[in-house]
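Reading through the structure tokens given below for one structure.
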Amino acid sequence: MDTLRALSAFVHSVELGSLSGAARALDTTQPTISKLVAGLERSLGVRLMRRGATGLSLTEEGQRFHERARRVLEDYGDAVADAREQVQQPQGLLRVSAPVTMGQRHLNAMAMEFLRLYPDIELELVLDDRFVDPREERIDVSLRVGGALPPDLVAKHLGSWPRVLVASPDYIAARGKPRNPKDLLSHDYIRYAAGDDGVLLQGPEGAVTVPVRSRLRVNNAVAMLDSVLGGAGISLQPTWMVASHLADGSLVRVLARHTGPAQEVHLLYAPRRHQPLRVRVLVDFLAERVARLPGAMHHSTRTSKYASSASPSARNPAVFAAS
């Protein structure tokens, strides 16, 4: 029996929740995965998992064995990667996830630069505003903009970007410029569809919440920005998203002494003693490039492992992108 292959079939089946999921991940068939797991159980003399109508469940022995089997596979992968790195350049496939707006406006250009620097690496960008679980969807590196940080992942903090009130010059010419936060009550405010009704601002006199009127609510940050550019109203936007428009005059600041809650940006990846070289160079590259995005209040390279109680249905990162 190919023990490493059998261990891989077992671990993938557990972590993906099905034999068919493991088969897809390992580019084989479900009967092959079933035979490998059954052979592993015979060699150990214990039953590791139960197969029922509702899916797979681990036995008590399977629960204990799974964690050690996963570490064995990681150690083997680390050993192989370490040996190859002595003679090879970074290579292989990397899957990277990010919110749609960050991906379209910044990450895609960064990806093209990264591929020019590392010709033996392949990149797959997964741009989605929903919560993407890096382990379930086999994401190597996730760029998280706001939102809750998932448990048991390393989070590398890249910086904080304030959110500022902006509008088009045409809107301001037609409706006038607010002089204080309460003036927003007489303006059209564009917000994210799942966001709160009020807008929280921090200014010289402290924090204030204004119960703004929102005739237009949008569930996509790019569409929301297009609405602001088109003169539909005032919106709170992160500086990394609107800096170029403020510079060319297509948008103007409103209530320039006030800002909204800052947006935190992190890189998330699995905790491993030895990250593959391709992951390490990508993390370093993105950390340096993202920290350069305009409007950052500060940036840090502190890295920590979070143990959050937030569920995978925690607040959508897109809410933070343009609410």
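The values are calculated or read from the model by the stated rules, or taken from the named source; none is laboratory data. Keep in mind that what you see is a predicted model, and the values were worked out from it rather than measured. Heads up, the Cβs are rebuilt from the backbone with ideal geometry, glycines too, and the neighbour counts pull from every protein chain shown. SASA here: full protein model, heavy atoms, side chains in, ligands and nucleic acids out. Shrake-Rupley method; radii C 1.70, N 1.55, O 1.52, S 1.80 Å.
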### Task
Roll a 1.4 Å probe over the protein chains and send me the accessible area per residue for the chain in Å².
50
### Query
Along the positive direction of the dipole of the chain (beta-carbon charges: Lys, Arg +1; Asp, Glu -1; about the Cα centre), which of SER34, PHE65, ALA155 reaches farthest?
ALA155
### Query
By per-residue mean of other Cβ atoms within 10 Å, what is the highest-first order of 149-160, 28-39?
149-160, 28-39
#### Entry: Nitroxide proxy distance, nm - points 7 Å out along Cα→Cβ at THR29 and SER57
3.0
### Query
Hey, what D do you get for the range 3-84 in µm²/s if you plug the Kirkwood alpha-carbon radius into Stokes-Einstein at 25 °C and 0.890 mPa s?
190
### Query
Could the peptides 197-206, 210-219 be put in order, highest first, of the mean number of other beta-carbon atoms found within 10 Å of their residues?
210-219, 197-206
### Query
In degrees from 0 to 90, rounded to the nearest 10, what is the angle of the helix 60-85 Cα long axis to the longest principal axis of the chain?
80
### Task
At 7 Å along the Cα-to-beta-carbon direction for both ASP197 and ARG42, put a label point, then send me their distance in nm to one decimal.
6.7
### Message
If the reach is capped at under 13 angstrom between alpha carbons, list the aspartates and glutamates near LYS177, excluding any in the same chain fewer than eight residues apart.
### Response
ASP188
## Note on the structure
With +1 on the Cβ of every Lys and Arg and -1 on the Cβ of every Asp and Glu, the dipole magnitude of the range 162-263 about its Cα centre, in debye rounded to the nearest 20, is 180
### Message
If you restrict to DSSP beta bridges whose two residues both lie in the chain, what percentage is antiparallel, to the nearest 5?
### Response
70
### Query
Can you list the residues of the range 3-20 with backbone N under 14 Å from a point 7 Å past the Cα of ALA79, pointing along Cα to Cβ?
3-5
### Task
Provide the packing ranking of 236-244, 283-291, 263-271, 48-56, i.e. peptides ordered by the mean count of other C-beta atoms within 10 Å per residue, highest first.
236-244, 263-271, 283-291, 48-56
### Task
Any chance you could run the full-extension gain for SER244 through ASP226? It's 0.36 nm times the residue separation minus the Cα-Cα distance, nm to one decimal.
5.1 nm
### Summary
Sorted by chain and then number, the residues having a modelled amide H within less than 5 Å of the amide H of VAL126, at least 5 places away or on another chain, are VAL96, SER97, ALA98
#### Entry: Cα-based helix-to-principal-axis angle, 277-290 vs the chain, degrees rounded to 10
10
### Query
Relative to the longest principal axis of the chain, what angle (0 to 90°, nearest 10) does the C-alpha long axis of helix 30-44 take?
60
### Task
Tell me, rounded to the nearest percent, the portion of alpha carbon pairs in the chain spaced more than 37 Å apart.
31
### Summary
The correct pair for the range 132-218, radius of gyration to one decimal and Dmax as a whole number, both in Å and from Cα atoms, is 17.8, 51
### Query
Stretch ASN219-GLU15 to full length: gain in nm at 0.36 nm per residue minus the Cα-Cα span?
70.3 nm
